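Trainee: Please read through the structure below; I'll follow up with questions.
The values are calculated or read from the model by the stated rules, or taken from the named source; none is laboratory data. No experiment lies behind these values; they were computed from the predicted model shown. No Cβ is skipped: glycine too gets one built from the backbone with ideal geometry, and neighbour counts run over all protein chains shown.
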Amino acid sequence: MTHQLFLAIGQYGLIVVFINVLVDQIGLPVPAVPTLVVAGAIAANGHLPLVSLLAWSVIACLAADCGWYFIGQIYGIRVLKLLCRISLEPDSCVSQTQWRFERWGINSLVIAKFIPGLAIIAPPLAGAMRIGWPRFVALSTASALLWVGSALVAGMLFRSQIEAFLIRLDNVGGSAALLIGAALALYVAYKWWERLRFYRSLRMARIDVDELYDLIEAGAEPIIVDVRSSTARALQPLGIPGSLHVPLENVAKHLEDLPRDRDIILYCACPSEASAARVARVLISHGFKKVRPLHGGLDAWVAAGYAVVGVTAPQPPEGSAIT
């Protein structure tokens, strides 16, 4: 590796890593793992201080996590819906995050950074759920140490291969920046294509809130199913009168309980009715014919001024320390 490259890395390496990790944890599509791996290899060769590298990377993670925690605490489920609407990982967005919280408890924060979609959603969800601040910071710190540490260790283990790669980049010169920029653009384009493909797979006929209201008033007695997670119901404790609660992950257990000769209307509180449409797909695949998601979900029903009822908030998952 050339002397100039070593000099640049030694002078700007910590700043570059800190900014990259911070931007990545804020949620922008600028992956930090490759930078951390390269930084680990450089630190193994003595051109970056390993302890400072680890410390500043963890601080960047905590800065982003704490910022999202406070935003979630202030804005609650609204910020979660916004994040899911713009996420490049819609299939692992709010509903999946809430399900993991319910299954594993707040300790799921420790592994959040390793799961696509969960890293950005978990901190504001913890804030919205009023997770205790000291425990959140402790778990977030543990998560950052584990995530950053694993990337740095990987770089140290493969430092000879990474050094050879950096030599080639240095020889390429200015073209290296173009190659890296092109790779990042391809990554974002691929994720966006996956997002579009996911939503296309959920396209089907919807029923709007006025149609559902007219159906109820006409005495058709449709089966209305709330497919939100228990956590989502706790964050927005309202529901359509008479609706059944069948969370997305429990649909298979309730197939025999749903009649096949009546309209089944599914609603959630997520962008594009993603969870409701996924449940509809499951029901249709099992032979149900009269299944439709509610267009706009619970938010559209509330906005139209139709009656709602309070729903019982679930007990917090074990270990969640909700206060």
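Trainee: Return yes when Gly72 is surrounded by fewer than 22 Cβ atoms within 10 Å (Cβ to Cβ) and either outside any helix (DSSP H, G or I) or at pLDDT 65 or above (or both) and no when it is not.
Mentor: It is false that Gly72 is surrounded by fewer than 22 Cβ atoms within 10 Å (Cβ to Cβ) and either outside any helix (DSSP H, G or I) or at pLDDT 65 or above (or both).
Trainee: Which pairs turn up if I take residues in segment 134-147 that are touching a residue at least 40 places away in the same chain (Cβ under 8 Å) and over 10 Å from Leu62 (Cα atoms) and look for partners that are surrounded by 17 or more Cβ atoms within 10 Å (Cβ to Cβ) and basic (Lys, Arg) with beta carbon separation below 7 Å, at least 6 apart in sequence or on another chain?
Mentor: From residues that are touching a residue at least 40 places away in the same chain (Cβ under 8 Å) and over 10 Å from Leu62 (Cα atoms), the pairs are Trp147/Lys113.
Trainee: Go through Ala128, Ala142, Ala119 for me and flag whichever is in the same structural domain as Val23 (by TED's automatic domain parsing) and modelled with pLDDT of 90 or more.
Mentor: None of the other options fit; the residue is Ala142.
Trainee: Select from segment 111-130 the residues that are surrounded by fewer than 20 Cβ atoms within 10 Å (Cβ to Cβ) and either in contact (Cβ under 8 Å) with a residue 60 or more places away in the chain or among the aliphatic types (A, V, I, L, M) (or both) and list them in ascending order.
Mentor: Matches in segment 111-130: Ile111, Ile115, Arg130.
Trainee: Against the conditions (1) buried (at least 16 other Cβ atoms within 10 Å of the Cβ); (2) at pLDDT 90 or above, where does Ser52 fall short? Just the number, please.
Mentor: (1)
Trainee: Here are Leu283, Leu298: which of them is surrounded by 19 or more Cβ atoms within 10 Å (Cβ to Cβ), more than 23 Å from Leu80 (Cβ to Cβ) and either in the same structural domain as Ile121 (by TED's automatic domain parsing) or within 26 Å of the chain's Cα centre (by Cα) (or both)?
Mentor: Matching residue, one of Leu283, Leu298: Leu283.
Trainee: What do you reckon, is Asn107 under 21 Å from Ser150 (Cβ atoms), at pLDDT below 85 and either assigned to a helix (DSSP H, G or I) or assigned by TED's automatic domain parsing to the domain that holds Met156 (or both)?
Mentor: Judged against the criteria, Asn107 is a match.
Trainee: Inspect segment 150-168 for any residue being at pLDDT 85 or above, under 20 Å from the mean Cα position of the chain (by Cα) and closer than 30 Å to Asn45 by Cβ and give the result as yes or no.
Mentor: Checked segment 150-168: no residue is at pLDDT 85 or above, under 20 Å from the mean Cα position of the chain (by Cα) and closer than 30 Å to Asn45 by Cβ.
Trainee: Here is a follow-up. So how many residues does segment 9-47 have that are touching a Gly at 6+ places or on another chain (Cβ under 9 Å) and surrounded by fewer than 20 Cβ atoms within 10 Å (Cβ to Cβ)?
Mentor: Number of matching residues: 2.
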